[in-house]
Structures are given as C-alpha cells and as structure tokens.
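Asks: Let me begin by handing over the structure; questions about it come next.
No value in this document is a laboratory result; all are computed from the given coordinates. What you see is a predicted model, and the numbers here were worked out from it, not measured in a lab. Heads up, the Cβs are rebuilt from the backbone with ideal geometry, glycines too, and the neighbour counts pull from every protein chain shown.
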Amino acid sequence: MSQKVSLSRRNFLRNSAFGIFGAAIPLEMLQEKSEESEKEQTLKVKEYRTLGRTGWKVSDIGCGYIADEGLINAMLDAGVNYIDTAESYPNQKIYGSVVKKRNRKEIFISSKMEIKDDLSKEGFLKRFRKCLEELQTDYIDCMMMHLPEKIETLKTEGFHAAMQQLKSEGRLRFVGVSHHGSFWFRDPEETMDKVLLAAADDGRFDVYLMAYNFLKMDGAEKVLQVCKEKNIGTTLMKTKPVSTYYRLKASVEALQKQGKDVHELYLAGLERYKQKAEMADRFVEKYDLKNPEEIKDAAVRFVLSNPHVNTVCCSVRNFDELERFLRLSGSRLSDLEKKKLAAFREGCGPLYCRHACGICEPKCPHGVPINTIMRYNHYFEAQGREKYAIAQYAAIPGAKANLCFNCQGFCETGCPYDVPIQGKLILAHRQLSLA
C-alpha cells in the first residue's frame, strides 16, 4: 500500500505546484506530469465481458490469489470487479477486510468448497456461513464446487440441496465448479475436460474456473466452446506457462553450483531435463525470447483473444506485477506475438508439465500423483506460497516423488508432450521437502 500512497502524494504535490506557479513550471516537469497521467489512464480496466448466464459485466482481468490489502484495493480502484477465493485460501479473510469497505453491489465474489468430510446439507450450510463471516458479507455471488475428482462427485446431493436453500434465502446467487486436474492416481481417467463437460450436461453449474493457456489447448478449448453454447461463465487460471523454463534453468544451475547435479540419484532424470533445456536455450536465442515478461504478456493476450473467455484470474505479489496485468486489459495478441508463442511452444513446450493433464499417471508403477505434485510446485515457485505448498506436499497420502530418483522414467513414456517429467519431479521433491 505504501507505493500507492507515495504515488498519490507525488501527484498531489505536482498538481499543487502547477496551480500556484502556473507557467513557471519547467517544460520537463510538465512532460513528466503528462507521462504519469497517461500511465494512470493505462492502469484501468478497458474491457468488460458478460459472465455467461449470470448477466454480470465482469472485468476481463480479475483478482486471483492476492494476499495484500494494498494490492487488492489497487486492483479494485482500477476497475477490477471479480474476486476469486476459497474456504481453503488464507487470503479469503483479507478479501473480506477489503470488501466490507466497498460498495458490495459492484463486486462479484466467487468462493469455493471441496467435496469432503461431512457431505450432508447441514455440513455444507455450516461451511458456507463460515465463508460469509470471513468475507464479511451478507451474500456470495458464486459458490463453486472445488476440484471434483470425478464426474460422480458433481451429483453430491447435500451440496446441491444446501446451495438451493441458500439461493432461496438470498445468500447465494449462482453455483459454479472449478477444476485444474485430478488429485490422486486412483481416478486418472477423470480429466478436467471430462468433468467440466459432464457439469455442462448436468445444467446446475453457472460458472467455471479452469486451466487454459497457449501450451494447454486440447480439451480446454472444447470446454470453452460448450460453455459458449450453454451460456456458462468462464474464468481462467494457470494462463502463463512461461516461467517454467526460466525457473527450471535456474534450479539446475543452482544444483551445479552446489555440486549436487552429479549425484547418482539425480543423473537419470535430470539428464533428460537438461537435454530439453539445452534445446530450449537454442530456441530462446534464435527467436529472441530472452525477456520472460514479454512472453508472459503474450500468454495472457492469447487467452484474452479467445471470445469464449470472460475473465482471467490474476495472482500478483507486488505493484509491478499488478501494473503489467492491468496494462493487458482490453488487448489482443499481435501477429509478432503469435510467432513468438509458436517458437516458445516448439522450443520450450516440452519443459511445461500441463496443468490438469494426468495422462502420464497410469504409467507410474508406484502411483505417484504427478499432476498434484507439479501443481504444488507451481504454488511454491510461481505464487510464492512456499509454506502452503510444502504442507500440502507433506500431506499427500502414499507415494511421493522421492520414488522417482531410482525409477526408469515410466511416466515419460506416457507423456504425449515429451516432457522430461522425472527430472521435474526430482527437482520438485527437493524443493517441497526441503531436501
């Protein structure tokens, strides 16, 4: 919040100086003031899209996981009007602290509940009321069924009975479903697209939160098309699968400096990763992809260019990230950016383990929940939620990635994208277990 305050104070002083001294202001200061004014104009939401059958005009850039009140306020001040949170997110209370000071009718809030433990109507009602308390609001716009592992879960009677009662009480307006991959090895056939397509046929879900990006289009694009046909609102996560190349490259370099790269437990998996990384290095050099921020921007513009997408949930950790996202509002992918994304897909695509995929999991003889582990590693690296990711990894029942060290890499034989997943799992285990 301090950065926003300092910016406002600087603007105030400049405006006051101009009013007092008028023409005595140097031309350089006037130019600087004009440039800052132009910058402030760009940091506003420029496009709103109808969120399916809800009828709500939602900002094309939405609030994802943000844990700082100053950043949330800045997003809302810029015209962002969609908030995504969940009962399991520690930032739900932070959103509540912000929302209570705002015009509630101008903000669309989505929360989420997993289908676990007490599946009775009363159990869901109790959990919903706790969400109301944390969000400090009288109603929630959309409550989503969070990460249903299989199609059968969508039919959970207690959940739907509770949601219907809450609607009748005016505590809830819409029901949704979120999905970015199966959790456990036991249901690998229940992919994100299969679950979401089944939810569309069910007819009781008004809004989706799903994973979609320029490296993960198959399955997801079919879901988006069906959402358009059935007027289901679409919100996105996992839209920037870019940093994986840069982060993994840094991880391997760190291992080399520490002398751990030559350890026999790492050799088999990491060697396949390094071969892919070296190939990616050549593409990065050839197509001038050395600026990861430019590729990230292009990745967001890719999903914004899809007419079936309503809003992109953005997780930001500082004002620089916030400004980059806001500048993308209302923008579309350029021809040059299309070429760069195509080059990145060809050269660096094999380094990205697709969110919500799980195709390789049936090949693992140990039952390692690959999709889940890579998602937790994403929380650690991309979202800065280190403690949460470590705790979630520790809580995984059964097999973990330590079993990947001496494995023959069966998972890699089942990956259609040629991802050196064994090496990535080894790195993830080292990171998530603090090994």
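Asks: Share of antiparallel DSSP beta bridges in the stretch 102-240, in percent to the nearest 5? Write out the running numbers ahead of the final one.
Replies: Values: 1 of 21 bridges.
In the stretch 102-240, DSSP labels about 5 percent of beta bridges as antiparallel.
Asks: Could you work out how far the C-alpha centroid of the stretch 368-418 sits from that of the stretch 87-160, in angstrom?
Replies: With the stretch 368-418 and the stretch 87-160 each reduced to a Cα centre, they are spaced 27 Å.
Asks: Let me ask something else. Label Asn406 and Ser305 with points 7 Å out from Cα along Cα→Cβ: what is the distance between them in nm?
Replies: 4.9 nm
Asks: Also, I was wondering about something else. Extending each Cα 7 Å along its Cβ direction at Ser433 and Lys257, get the distance between those two points in nm, one decimal.
Replies: 2.4 nm
Asks: Residue separation times 0.36 nm, minus the C-alpha to C-alpha distance between Ala395 and Asp117: what's the value? Please report the intermediate quantities before stating the final value.
Replies: Details: separation 278, 0.36 × 278 = 100.08 nm, distance 1.59 nm.
Here the segment from Ala395 to Asp117 would lengthen by 98.5 nm.
Asks: If we sort 345-354, 231-240 on the protection proxy, mean other Cβ atoms within 10 Å, highest first, what's the order? If you can, show how the numbers build up before the last one.
Replies: Details: 345-354: 22.4, 231-240: 23.9.
Going from most to least packed, we get 231-240, 345-354.
Asks: Which FRET efficiency value, to the nearest 0.05, is calculated for Gln165 and Glu229 with the Förster distance at 35 angstrom and r the Cβ-Cβ distance? Could the numbers behind the result be given before it?
Replies: Working: r = 30 Å, r/R0 = 0.85.
Once rounded, the FRET efficiency stands at 0.75.
Asks: Extent of the stretch 387-429 along each principal axis, from alpha carbon coordinates, in Å, largest to smallest?
Replies: 31, 19, 16
Asks: Between Lys126 and Asn103, 0.36 nm times their residue separation minus their Cα-Cα distance comes to what? The partial results should precede the final answer.
Replies: Values: separation 23, 0.36 × 23 = 8.28 nm, distance 2.60 nm.
My answer for the length gained is 5.7 nm.
Asks: Beyond 29 Å between alpha-carbons counts as too far, so tell me which of Lys100/Lys240; Lys100/Lys230; Lys116/Lys167 fall in that bin. Numbers along the way, then the final one.
Replies: On the way: Lys100/Lys240 31 Å; Lys100/Lys230 34 Å; Lys116/Lys167 22 Å.
Table pairs above 29 Å Cα-Cα are Lys100/Lys240; Lys100/Lys230.
Asks: What ranking of Leu119, Leu51 emerges when the number of other C-beta atoms within 10 Å of each C-beta is taken as an exposure proxy, fewest first? Don't skip to the end; give the middle numbers.
Replies: Numbers: Leu119 13, Leu51 26.
Arranged by neighbour count, lowest to highest, Leu119, Leu51 become Leu119, Leu51.
Asks: Past 29 Å, Cα to Cα, is the threshold; run Lys257/Lys286; Lys228/Lys339; Lys44/Lys286; Lys105/Lys130; Lys44/Lys93; Lys44/Lys222 against it and keep the listed order.
Replies: On the way: Lys257/Lys286 27 Å; Lys228/Lys339 27 Å; Lys44/Lys286 35 Å; Lys105/Lys130 20 Å; Lys44/Lys93 25 Å; Lys44/Lys222 31 Å.
Over 29 Å Cα-Cα: Lys44/Lys286; Lys44/Lys222.
Asks: Also, I was wondering about something else. What's the percent breakdown of Cα-Cα distances in the stretch 292-435 across 10 Å bins, shortest bin first?
Replies: 10, 33, 33, 20, 4
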